[in-house]
Amino acid sequence: MSAVPMLDLARQYTTVGEECQAAVSEVFQQGRFILGKEVSEFEMQAAAMLGAKHGIATSSGTDALWLALEAAGVKPGDKVVTTPFSFFATASAILRCGARPVFADIDAATFNLSPTEVGYVLERRPEVKAVLPVHLYGQCADFDALNTLKQKHGLTLVEDAAQAFGAMWHGTTAGSLGDAAAFSFYPTKNLSAWGDAGLVTANDDAIADRAKMLHVHGMRVRYYHETVGWNARMDTAQAAVLLIKLRYIAQWNEQRRAVAERYSALFRASGLAVAETVLEHAADLALPWTDPRATHVWHQYVIRCRKRDDLRAHLTANKIGSEIYYPLSLHQQQALNHLDYVEGDFPHSERAAREVLALPIFPELREDEQQRVVETIAQFYKEERL
């Protein structure tokens, strides 16, 4: 029985490997390891693709998040509203600015930060400076409602677009929706480097200028430091790889959409008790939902399911990859105990952490592999009912 991997970058390598190797080899031959021409070229091309005026290439998505927040004006003592259902860097980047994360619950259908819940937080805490929504799993947060809150409360909006390169909201691309945005090119992402790398985007000249200064130790002129920044530069070799992959990302995102659509069709035809968007009492699983205002890029295909941990063990026993993004809400993380949240504060986030399961998805995933994933899940629930 052949394995179905969660992700197989070796298949992508057969498409772009030789091109990437040649590009990296040129960097090595020329000795342009730091801030070579490929970095500025990638910044320009990526920003143009994202509809942003400026791009600042960084050493990681985590550094990009910190830079975007800091450059957008988040200062020590500020409060920043964000989601408790995300990767840890969403909260740690706020803390790195000296600010305090303030959580608001998620929307149960999209898993994204709920603007309604943000509104409730703002009523209680009008001193909030900024909001950091996450475009989780590759679907943009509700920027119609978030922009309304921005105008009403004078907020700064910074996008955590780590999982959303190419995603759109009403035809506007993630990375140009807020005051600034941060992307990750970690190897598992839709657009992936050969290591860690990230990007900050902004349309505001002052924000972009500050981000550029901060990511090279607070310098505009070499050895003259205006402030304490950080070494957050992207290596030239990573930029060379990303320039090659940038040519393919639109095609890869379309292939991911096709994979996602096929999964949903297979599940609906499987005989399983399938719910739409939210797991119902009588359902085996619930399918992911795309807001009609959003263009999803399907970084992950995430179902909600009964007996999630048992199902995952069954998939593993059948050599099928899966992952849980995320098994514990941020407000329940030991490292964030000082924020004084308790279990029950964010029920939608906590429920999602108990139910979500990400299934294999990547552009080269074959239909027969998807069929085996769905058949194995159907087998689990059939046996469970006996």
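Read the figures in this text as sums done on the coordinates, not as results from a lab. Computed from a predicted model, the values in this text were never measured in an experiment. Reconstructed Cβ throughout: ideal geometry from the backbone, glycine too, with neighbour counts over all protein chains shown.
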Problem set entry | the chain: antiparallel DSSP beta bridges as a percent of all, rounded to 5 | 60 percent
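From Cα pairs below 8 angstrom and at least 6 apart in sequence, can you work out the relative contact order of the stretch 9-246, rounded to a whole percent?
Worked out over the stretch 9-246, it gives 27 percent.
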Exercise. Between the stretch 199-236 and the stretch 307-353, how many Å separate their Cα centres?
Worked result: 36 Å
Problem set entry | Simple Cβ-charge dipole of the stretch 249-385, Lys/Arg +1 and Asp/Glu -1, about Cα centre, in debye nearest 20 | 260 debye
Problem set entry | Order of Arg96, Arg268 under a 10 Å beta carbon neighbour criterion, fewest first | Arg268, Arg96
Problem set entry | Cα-based Kirkwood hydrodynamic radius, the chain, one decimal, Å | 21.5 Å
For this session: Find which of Phe346, Leu7, Thr227 sits farthest along the positive direction of the dipole of the chain, computed with +1 on the beta-carbon of Lys and Arg, -1 on that of Asp and Glu, about the Cα centre.
Result: Thr227
Exercise. Tell me, His338, His299, His170 in order of fewest to most beta-carbon neighbours within 10 Å?
Worked result: His338, His170, His299
Problem set entry | Size of electric dipole in the stretch 321-386: Cβ of Lys, Arg +1 and of Asp, Glu -1, about Cα centre, debye, nearest 20 | 120 debye
For this session: Tally the DSSP beta bridges in the stretch 249-385 and give the antiparallel ones as a percent, rounded to 5.
Result: 70 percent
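Would you kindly state how much longer the chain becomes between Lys307 and Leu386 on full extension, computed as 0.36 nm times their sequence separation minus their alpha carbon distance, in nm to one decimal? Before the final figure, lay out the partial values.
Values: separation 79, 0.36 × 79 = 28.44 nm, distance 1.49 nm.
Contour length minus Cα-Cα distance gives 26.9 nm.
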Problem set entry | Gain upon complete extension [Glu41, Arg222; 0.36 nm per residue less C-alpha separation] | 63.1 nm
Exercise. How much length is gained if the chain between Asp205 and Asn147 is pulled fully straight, taking 0.36 nm per residue apart and subtracting their Cα-Cα distance, in nm to one decimal?
Worked result: 18.9 nm
Exercise. Given DSSP loops and a limit of at most 14 other Cβ atoms within 10 Å, what is the longest stretch of the chain that contains no such chymotrypsin sites (Phe, Trp or Tyr not before Pro)?
Worked result: 224-386
Problem set entry | Rounded to the nearest 20 debye, dipole of the stretch 9-246 from Cβ charges on Lys, Arg, Asp, Glu | 440 debye
For this session: Could you pull out the longest piece of the chain with no exposed loop GluC sites (Glu not before Pro) in it, calling a site exposed if DSSP puts it outside H, G, I, E, B and it has at most 11 other Cβ atoms within 10 Å?
Result: 128-342
Exercise. Cross-link list Lys129/Lys189; Lys75/Lys129; Lys189/Lys245; Lys129/Lys152: which exceed 18 angstrom alpha carbon to alpha carbon?
Worked result: Lys129/Lys189
